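Please read the structure below before turning to the comments.
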Amino acid sequence: CLFPNVEAPPTAESDFYTVYLSRGVLLEANLIGNELLAAGDKRAVRTVRQIYRRGDNGEVAAQALAVQLQAQGVTVLDQKLPAAGKSGETLAQALRSGAADAWVLWLRSNDLATLGEPPPEPARLFVSGLLGGLEQAPLPGSWRERARLTYPVDLPDKRVVRVDYPLGWFRLRHVELVDARVQADTYLACGILSETLHHMADIISPEYLVEQLEETLEHRILTGYYPRLSLAPGQTVGSKGAYWVRFVDATGPRIVADSSWIVP
């Protein structure tokens, strides 16, 4: 597969043929883990609680983060909510389950919209931007004051010109916009494939196609939601970094970068 739409791609680097735009929630987990482990003595993290729904991609991310933190002696406690539509522990109950130095929410927008008051300070709050809807994440105002979002795409004001190309294409052809990022990623993947095949001329070979991607991808200007794409022999992911962001207002989509572009 060339750039399939997946939130938690396999981590094996041995697959020569399949390449991804991003590591998705696994990149976010790595980013959060590095942040927690680099906190220093003044903000030492000894206990982390994670909340996710069973069977969702947040569970995969939570497992990856737990492995990273537990290897450094951090206690990780998982609050596993039932799969959507099933009875069991509620989100409110999970948030009242006990104290922690940091909370990580691997939740989608419908769950974020129902959050009550956040855990008391000085607990640190982290939210998956990818699962929550990026800048459209419906976090309540009390959470916005403290929560940091992982943001594995370019900032809105920096990507606007690049994303206008697929959005204009959709409008011209009356394609309904139901998920801008997924549709823009699909448009990007099809464009990369078309251009690469064009440069290959009559040499049609899967291996040659991947090799051409490795040579040409980093020179591409129109990269959609991503600031830069590149591949090299042995690599399977085009965009390798992410931002930390915070919300500016109590409501609305305005965000501000809380870091530079980080490649964990």
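The values are calculated or read from the model by the stated rules, or taken from the named source; none is laboratory data. What you see is a predicted model; the values in this text were computed from it and never measured. Counting neighbours? That spans all protein chains shown, and the Cβs are built from the backbone with ideal geometry, glycine included. All accessible areas refer to the heavy atoms of the entire protein, side chains included, with ligands and DNA or RNA removed. Shrake-Rupley method; radii C 1.70, N 1.55, O 1.52, S 1.80 Å.
A few notes on this one:
- Of all accessible heavy-atom area on segment 53-113, the percent that carbon and sulfur account for (1.4 Å): 46 percent
- Each label point was placed 7 Å from the Cα along the Cα-to-Cβ direction; for residue 67 and residue 178 their separation is 3.3 nm.
- Taking one quarter of the surface of the convex hull spanned by the alpha-carbon atoms of the chain gives a direction-averaged projected area of 15.4 nm².
- Taking every DSSP beta bridge that has both ends in the chain, the antiparallel portion is near 25%.
- Across segment 95-106, computed HN-Hα scalar couplings (Karplus, 6.51 cos²θ - 1.76 cosθ + 1.60, θ = phi - 60°) run 6, 9, 6, x, 7, 6, 6, 8, 10, 10, 9, 9 Hz from first to last residue, x flagging Gly and Pro.
- Among residues other than residue 111 with Cβ under 11 Å from its Cβ, the summed charge is +1 (Lys and Arg +1, Asp and Glu -1).
- Computed packing ranks the peptides 147-158, 69-80, 194-205 as 147-158, 69-80, 194-205, most packed first, by mean other Cβ atoms within 10 Å.
- The mean accessible area for residues of the chain, using a 1.4 Å probe and ignoring ligands and nucleic acids, is 50 Å² per residue.
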